Structures are given as C-alpha cells and as structure tokens.
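What follows is calculated from the coordinates using simple rules that are stated; it is not laboratory data. The shown structure was predicted, so the numbers you read here are calculated from the model rather than taken from an experiment. In this analysis, Cβ positions are derived from the backbone assuming ideal geometry, glycine residues included, and neighbour counts consider all displayed protein chains.
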Amino acid sequence: MLLDGRVLRSRSIDGFDQEVYALLTVYQALVRAAADAVHDRPGLGLDRISFTVLLATAREHAVLGAGILPAPGPVDLAGAIGTAVLDALLPARRRLRAKARSRKNPTSKYSANAGKHPATSQNYTLSMKITFFETGLESRHKN
C-alpha cells in the first residue's frame, strides 16, 4: 500500500537498505499519528482507524505542504492528519467472515473450484523466534 504497486528503484544494496528503512520509517510515523489521534478519544481502538485514509491524508499534506507548522496556541496532539482520520472512522463492528476467500483467475484454463473450498475459515498457528544482538549487525560487504 505504501508503494502503491511500484517497485524499489535501487540498484545497490546500500540504496535498497535506505529505501526499506525509509518505508519502515514512514509506516512507523503513520502508526504513531494514528495512535496520537486515538489518544484524543478515550475508548476508541486503533482497529477503527483506516490505514488507507491515514496514508492518503498524509500524502495530501506532504504534497500540498499544508498543516506543517502548528497554529499558534495549544498544540493538538492529533494534528491535521489525525483529525481527518477521526472524521472517517471505520464501523465499530465489522461483520465476521463466514468462509475463507476464494478467487478464480478469469484467464485460467482450469475449471473453478466451486463448492470445494472450506465452509469455514481456517485457523493457523505461527511460531517465531526473535534474536536480539548485543552489538548489532555487521555492515554488508560492498561489491
């Protein structure tokens, strides 16, 4: 969603690292803006915030240069982006998914799998191992 279908343009490992870290930084800034907006309304959860609206509003403000400097007076923690996101909240209760998603490729030469998909959604278990480095990672070798 952040790249909007575009690919990374770097032709070097250092450039790739820089682009990935920039994307992660933008994502973290957007999530923090959403958290600040939610902080203004007690009882509101982050699941009501639309990431699509958050990203579109942030893009508009970055392109237009609007709302960069705060207005004189007390600082609003939500800011212009948070205010726009709070005006377009998602519904409080979403309908539950009744069955797993199925998609048929219209150009496929095989018949559709109609009636063969599971009647209920599937549950999966994910295991992760996180390693913390005391001294950090070594820098990559340059070619």
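Tabulated results
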item	result
Peptides ranked, highest mean first, by Cβ atoms within 10 Å: ranges 34-46, 2-14	34-46, 2-14
Cα-based Kirkwood hydrodynamic radius, segment 1-56, one decimal, Å	12.9
Burial ranking of peptide ranges 51-62, 22-33, 124-135 (average Cβ count within 10 Å, highest at the top)	51-62, 22-33, 124-135
